[in-house]
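Worksheet for the structure shown next.
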Amino acid sequence: MKKIILGLNSVGFNTSASLIIDNKLVSAVEEERLIREKRTRKFPIKSINYCLNKHKLCLEDLSAIAVSWNPSINLEHFNSGMSHHTGYFPSMLHSTINHIITNLKKSKINKNYLKQELTLENKKKIDIFFVNHHLSHASNYYMSPFSEASILTLDGFGEKEAMSFSYAKKNKIEKISSQNFPNSLGSFFSTFTEFCGFKPQNEEWKLMGASAYGKKSKYYRLIRNLVNLEKDSFSLNLKYFNHYLFHRPKYYNRAMCDYLGLEANKNPSKLSKDFFDIAYASQKVFEEIYLYLVNCLAKKNSTSNLVISGGSALNCVANGKILGKTRFNNLYVPPVPDDSGAGLGAAYYVSNMILNCKKKYYLNHNFLGPSYNNDEVIKKLKKYRIKYEVHKNIFSSAVKSIVKGKIIAWFQGSLEFGDRALGNRSILADPRDKNMKDKINKKIKYREDFRPFAPAILEENKGDFFEKAQSSYFMERALLVKKNKRSIIPAVTHQDGSGRLQTVNKSNNSKFYKLIKEFYKNTGVPVLLNTSFNIQGEPVVCSIEDAIKNFYLSGVDELYIENCVIKK
């Protein structure tokens with residue numbers, strides 16, 4: 001009998017659902033893509049329905065449901081306000097468990113997961129496993145190509161933890177140690193994200209992008225002095241932070257403003273030199289802590305393989321420095337290291353550690369969401385009376401337009417799972433045009449002018465353009481562009497000479513590979529500028545209607561949606 005597991009991230013930002021059948025990931029999608037509410041906290045009902053309907057399943061067919069949070073850990077301390085009042089009868093679930101756990105010895109409580117069993121009328125049983133949050137992140141190891149690895153997880157916080165060290169061999173994961181909130185690297189970075197005027201737990205990549213425009217200044221010393229590196233961990237000087245008060249009112253406090261000698265930025269669309277320098281300092285200190293922890297973990301195990309997960313693993317600038325500054329030789333960062341992929345990790349934990357599935361699958365792409373065929377596209381375009389052309393060779397047509405300076409939207413195959421659009425829901429342009437970055441930021445993405453775009457490169461050519469080249473299938477690491485190539489691809493070379501590269505090959509995206517190959521034949525440059533198909537404030541497009549709407553609301557010149565082309 002097949003083992004079918006539904007994974008859920010149903011708390012916090014980026015709720016999502018994913019489906020594993022016999023240890024193979026077969027579908028996954030974030031709720032925001034389906035309900036069009038960016039970084040939603042809503043329960044992922046539509047995501048669940050998509051995953052089940054795609055494979056003609058219903059809930060009764062499931063072997064288990066896995067949730068990426070273990071509430072029993074948060075119930076260890078008695079909460080009289082919640083547990084003495086059961087006027088809302090379902091709160092009996094909370095009250096009963098809270099009373100019982102409080103009176104049990106802590107050593108008897110399973111820290112890894114809480115199990116609940118639902119018995120249906122037909123006597124079918126569905127087990128629901130609430131898996132420890134950092135263990136869920138660590139279980140993204142099961143998507144890696146490794147049979148053995150050290151695992152580092154870092155984020156804002158889980159139930160209690162903010163960091164963990166683990167070791168995995170074959171299908172087993174063993175936790176080595178962990179560090180609890182509020183000494184959190186994710187919260188440290190979110191604090192300065194907010195101080196510079198951006199949304200914490202939302203726009204950290206803006207701080208990372210802005211850091212390239214800053215320089216080492218007094219702010220580096222000041223911010224570095226807020227951190228103390230300890231044995232296998234670190235601590236923050238909490239006098240200057242508010243994150244442990246859970247955003248009441250801010251991540252930073254009055255003491256931080258006085259300490260830095262600067263009021264927090266109120267205009268996120270405009271950063272002064274001071275804030276660019278704070279962004280620089282925050283990124284540098286983040287990297288120091290990050291690499292210090294990686295090196296601490298390296299001493300624990302003999303393996304040369306490393307898996308990093310948790311929201312902090314979205315920092316591609318830091319990821320790009322790991323192999324050069326540690327003794328690890330191989331790095332895997334999953335396409336969804338943040339909470340949107342935590343439910344997937346929980347499902348993999350249940351599949352491997354509880355249901356004892358043996359077969360391991362390597363995930364080298366994230367094309368796991370809804371897709372549409374040509375007939376569906378044409379039917380929709382006719383319905384909305386939109387003029388279109390059908391092209392037998394969309395690759396040649398698209399490249400001709402890109403070479404002429406046009407910006408195209410590329411809507412092909414299945415939607416990506418995770419923050420990065422990797423060639424199925426992308427906006428593409430010529431990386432050789434030095435004005436292209438500003439043009440896309442201003443007329444299409446409507447976002448800050450300091451934010452960079454990614455170079456998507458043919459994998460076999462990565463060494464021609466990048467120093468110490470590495471494969472990066474999910475845009476998960478930034479590397480330095482070779483100095484003699486920076487003038488060739490200025491639109492995707494960041495201020496500091498780096499590029500958040502995506503390496504593309506036939507096996508992980510044959511259509512996108514073919515398009516870049518066609519551009520290479522025409523120009524001698526095996527690179528395209530790639531950014532997500534959306535405008536600021538909206539999720540990446542999912543449906544045909546989303547694509548049409550974004551196309552007409554932005555300055556994109558042409559839309560390639562399967563074999564149909566729409567022009568303005």
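What does the net charge come to around Leu553 if you take all other residues with beta carbon closer than 11 Å to its beta carbon, with K and R at +1 and D and E at -1? It works out to a net charge of -1. Charged side chains reduced to their Cβ positions (Lys and Arg at +1, Asp and Glu at -1) give the stretch 374-567 a dipole of some 460 debye around its Cα centre.
Of the listed values (i) 16, 34, 18, 16, 13, 3, 0; (ii) 21, 55, 23, 1; (iii) 18, 49, 31, 3, identify the label whose number matches P(r) over Cα pairs in 20 Å bins from 0, in percent calculated from this model. Computing P(r) over Cα pairs in 20 Å bins from 0, in percent and matching it to (i) 16, 34, 18, 16, 13, 3, 0; (ii) 21, 55, 23, 1; (iii) 18, 49, 31, 3 gives (ii). About its Cα centre, the dipole of the stretch 185-332 is roughly 220 debye, where the only charges are +1 on Lys and Arg Cβ and -1 on Asp and Glu Cβ.
Residues in the stretch 407-418 carry Karplus couplings, in order, of 10, 10, 9, 10, 10, 9, x, 8, 4, 6, 9, x Hz; the curve used is 6.51 cos²θ - 1.76 cosθ + 1.60 with θ = phi - 60°, and Gly or Pro positions show x.
Where only DSSP H runs of four or more residues are counted, the chain gives -8000 deg cm²/dmol as its mean residue ellipticity at 222 nm, each run worth -39500 (n - 2.57).
Over all other residues within a Cβ to Cβ distance under 11 Å of Ser472, the charged ones net out to +2, with Lys and Arg as +1 and Asp and Glu as -1.
In order along the stretch 190-203, the Karplus-derived 3J(HN,Hα) couplings, from 6.51 cos²θ - 1.76 cosθ + 1.60 at θ = phi - 60°, round to 5, 4, 7, 4, 5, 4, 7, x, 9, 7, x, 6, 8, 10 Hz, and Gly and Pro are given as x. Listed by chain and number, the lysines placed with their C-alpha closer than 23 angstrom to that of Lys111 are Lys160, Lys169, Lys170, Lys172, Lys175, Lys300; residues fewer than eight positions away on the same chain are left out.
A dipole drawn for the stretch 416-529 from +1 and -1 charges on Cβ atoms has a positive end, and of His494, Val525, Asn509 the residue lying farthest that way is Val525.
The Kirkwood hydrodynamic radius of the stretch 185-332, based on inverse pair distances between different Cα atoms, is 15.8 Å. Given contacts defined as C-alpha pairs under 8 Å and at least six residues apart, what's the relative contact order of the stretch 374-567, whole-number percent? The value is 33 percent. Put simply, the amide H of Ser498, placed in the peptide plane, has neighbours under 5 Å in Val481, leaving out anything fewer than 5 places away on its chain. Could you please state, rounded to a whole Å, how far the C-alpha centre of the stretch 489-568 is from the C-alpha centre of the stretch 384-423? Centre-to-centre distance over Cα atoms comes out at 7 Å. With K and R counted +1 and D and E -1, the other residues having a Cβ less than 13 Å from that of Asn265 yield a net charge of 0.
Each Cα pair under 8 Å and six or more residues apart adds its sequence gap; the mean of these over the residue count of the stretch 185-332 is a relative contact order of 31 percent. Distance between the C-alpha centres of the stretch 425-467 and the stretch 3-21: 32 Å, rounded to the whole angstrom. Derived scalar couplings between HN and Hα for the stretch 518-527 equal 5, 5, 4, 4, 7, 10, x, 10, x, 9 Hz in order, rounded to whole Hz, by the Karplus curve 6.51 cos²θ - 1.76 cosθ + 1.60 (θ = phi - 60°), x for Gly and Pro. Separation of the stretch 220-272 and the stretch 121-196, taken as the distance between their Cα centroids, equals 25 angstrom. Projecting the Cα atoms of Asn140, Thr119, Thr102 onto the charge dipole of the stretch 101-146 (Cβ charges, centred on the Cα centre) puts Thr102 farthest toward the positive pole.
Partner lysines whose Cα lies under 22 Å from the Cα of Lys485, excluding those fewer than 8 positions away in the same chain, are identified as Lys321, Lys404, Lys434, Lys437, Lys439, Lys462, Lys468, Lys517, Lys521. Computed from point charges on the beta carbon alone (+1 for Lys and Arg, -1 for Asp and Glu), the dipole magnitude for the chain about its Cα centre is near 1020 Debye.
Bear in mind these aren't lab numbers, they're just calculated from the coordinates by the rules spelled out. Everything quoted here is computed from the prediction, not taken from an experiment. Ideal geometry is used to build each Cβ from the backbone, glycine not excepted, and the neighbour counts take in all protein chains shown.
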